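Remarks on the structure that follows.
The values are calculated or read from the model by the stated rules, or taken from the named source; none is laboratory data. None of the values given here were measured: they were computed from a predicted structure. All Cβ positions, even for glycine, are placed from backbone atoms using ideal geometry, and neighbour counts span all protein chains on display.
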Amino acid sequence: MFSKNFFLILISLLLFPLMATGAPTITCHCFTDRSYDAAHPAKTDPYFLVTTQNSFFAALFVVDKTTVVIKKQSGTSNDDLWIAYWLASRSGISADILLRQRSEVASWREVVAGQRISFKKDDAGFQHELQNEASSPVLAQIIVDTVLLKRRLLTAGEIAAMRTEFAGNQEMIIAALIANNYHKSAVDLYRKVIKGDRSWGMLLLEANINPARLQHEVDRMFEK
């Protein structure tokens, strides 16, 4: 004969995975290390990568960086933010509306179809992947690459080389910032980091970029 407590424990074990799956993913941006430390040069790289991307995103879409951080902390992924704000810039529809609709349907393709969003000729790559039900990371990567190319922050060759070597969106953006200030190859900078010869913090300082003023530096890059 099984006890009442046994059944309670069994039910809890069965329900726990369901509760865990249904819980939103919270992305923490609470960095304890924000100042470059020469004794531990790579320790603050996660902070520099996230902050540079947030600053770039805020400048590109003319949105307050605090709003971006809050949305991420509430569970919205980097990739979905890129897609929503980029589609908003194409359609005039609020990014919040697009994000809300995305939470109610199976894919971004359904959101675009429902809102009847049209694209420009040079959006063909994004549109193709969208129609093929590409994942959010793939769509976001296309957007980031398109922005970097159109704004002449990276060349097509640099983008292809870095993506082949598994550079993520954050690495692409910070490399573009440093390269444009340092007048160096973004690919070479990225390779120095992945080989362990440099940290992103070291490269920022070598390029005379004040890590404490990343938003200002990114804004200045957009003014060029």
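Could you look through the stretch 129-140, keep only residues that are assigned to a helix (DSSP H, G or I) and free of Cβ contacts under 8 Å to residues at least 60 places away in the same chain, and pick out the one that is nearest to Ser91 (Cα to Cα)?
Here is the first cut: in the stretch 129-140, the ones assigned to a helix (DSSP H, G or I) are 129-131, 136-140.
Retained after the next criterion (residues that are free of Cβ contacts under 8 Å to residues at least 60 places away in the same chain): 129-131, 136-138.
On the way: Glu129: 18, Leu130: 16, Gln131: 18, Ser136: 19, Pro137: 21, Val138: 21 Å.
Ranking the candidates gives Leu130 first.
Across the stretch 176-209, the qualifying residues are those that are among the charged types (D, E, K, R) and more than 18 Å from Phe166 (Cβ to Cβ), and the one among them that is surrounded by the fewest Cβ atoms within 10 Å (Cβ to Cβ) is Glu206. So Met221 fits all but one of (1) among the aliphatic types (A, V, I, L, M); (2) modelled with pLDDT of 95 or more; (3) farther than 19 Å from Pro41 by Cα; what number is the exception? Only one criterion in (1) among the aliphatic types (A, V, I, L, M); (2) modelled with pLDDT of 95 or more; (3) farther than 19 Å from Pro41 by Cα is unmet by Met221, namely (2).
Pick from the stretch 31-48 the residues that are aromatic (Phe, Trp, Tyr) and under 16 Å from Arg198 (Cβ atoms): which of them is modelled with the lowest pLDDT?
We begin by selecting, within the stretch 31-48, every residue aromatic (Phe, Trp, Tyr); these are 31, 36, 47-48.
Narrowing further to those that are under 16 Å from Arg198 (Cβ atoms): 36, 48.
Values: Tyr36: 65, Phe48: 96.
Among residues in the stretch 31-48 that are aromatic (Phe, Trp, Tyr) and under 16 Å from Arg198 (Cβ atoms), the one modelled with the lowest pLDDT is Tyr36.
Only a single item in (1) within 21 Å of the chain's Cα centre (by Cα); (2) surrounded by 15 or more Cβ atoms within 10 Å (Cβ to Cβ) is not met by Ala212, and it is number (2). Quick check: is even one residue across the stretch 158-172 over 18 Å from the mean Cα position of the chain (by Cα), on the phi < 0 side of the Ramachandran plot and at pLDDT below 95? Taking every residue of the stretch 158-172 in turn, none turns out to be over 18 Å from the mean Cα position of the chain (by Cα), on the phi < 0 side of the Ramachandran plot and at pLDDT below 95.
Taking Leu153 as the residue in question, decide whether it is in a helix (DSSP H, G or I), in contact with a helix residue (DSSP H, G or I) (Cβ under 8 Å, 6 or more places away or on another chain), modelled with pLDDT of 95 or more and not small (Gly, Ala, Ser). Spelling it out, it is not the case that Leu153 is in a helix (DSSP H, G or I), in contact with a helix residue (DSSP H, G or I) (Cβ under 8 Å, 6 or more places away or on another chain), modelled with pLDDT of 95 or more and not small (Gly, Ala, Ser).
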